Amino acid sequence: MMQKTDKKSREKREKTFDEYYKEKILATESAIERVNIVCEKLKSKYEDYEETKKFIDYLRSLESVFMSAEKEKWSVEKTQDEMIKGEIYLMSQATGIDEEIFISIYEEFAQTSHDVAKIQEIAKVLIEKYTDVEDCYECDDCINFILYVKDALMVFSKSLDGNKDFDELGEVKVEFIKMQMQKMSQDDKPPFEILQEIYNEFVQELKND
């Protein structure tokens with residue numbers, strides 16, 4: 001009798017795992033594959049500027065993080081951590097700078113506890129550290145990363161503080177995309193309107209799936 005019970009229990013666990021795998025894992029893989037297809041399509045269409053490709057890669061990375069956050073019910077803190085780690089990977093690939101350098105910078109912000117004043121103070125200290133360093137080929141990229149982490153933590157701090165404009169992760173994601181578009185279009189190459197057009201098409205393509 002006990003063996004039959006154990007067998008039924010095991011079969012139930014196996015069935016539960018299979019259901020979880022199909023619903024969670026396969027669904028996530030399918031969704032990420034869809035994002036990849038959309039991004040490659042957009043890269044082929046918008047190839048006039050090198051920055052547009054970087055922006056599309058940014059959308060791909062950000063969407064993957066927030067997609068996982070939604071499906072796995074991540075906390076705001078974990079979502080923040082995964083997003084910044086994704087940016088570290090992208091920056092390392094784009095600049096050739098070892099990821100460990102960016103990770104060490106990110107770790108400097110670990111004790112801020114989303115306190116806005118502490119975030120700004122640490123960013124100021126780190127920027128001074130990497131400014132006007134003689135023969136430092138990586139300093140400009142490090143400063144750009146410091147500014148990115150500062151802005152990211154500031155946005156997430158608004159969400160954690162209960163700011164109604166950022167009370168959902170989807171609103172946080174949109175804020176990051178706006179910030180990225182403004183940063184990448186500062187020299188008008190590409191124009192802000194092009195990045196906005198790419199983002200609109202990205203959203204529409206995903207909705208059409």
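Please treat every number below as a calculation from the coordinates, not as lab data. Not measured: the values here are computed from a predicted model. Virtual Cβ from ideal backbone geometry, glycine too; neighbours counted across all protein chains shown.
Quick one: if the Förster radius is 35 Å, what FRET efficiency do Asp161 and Ile32 give, using the C-beta to C-beta distance and rounding to 0.05?
So the FRET efficiency works out to roughly 0.70.
Report the full-extension gain for the segment Asp115 to Gln186: residue separation times 0.36 nm, less the Cα-Cα distance, to one decimal in nm.
Extending this stretch completely gives an extra 22.7 nm.
At R0 = 30 Å, how high is the FRET efficiency between Glu50 and Lys178 if r is their beta carbon distance? Nearest 0.05 is fine.
Result of the calculation: an efficiency of 0.90.
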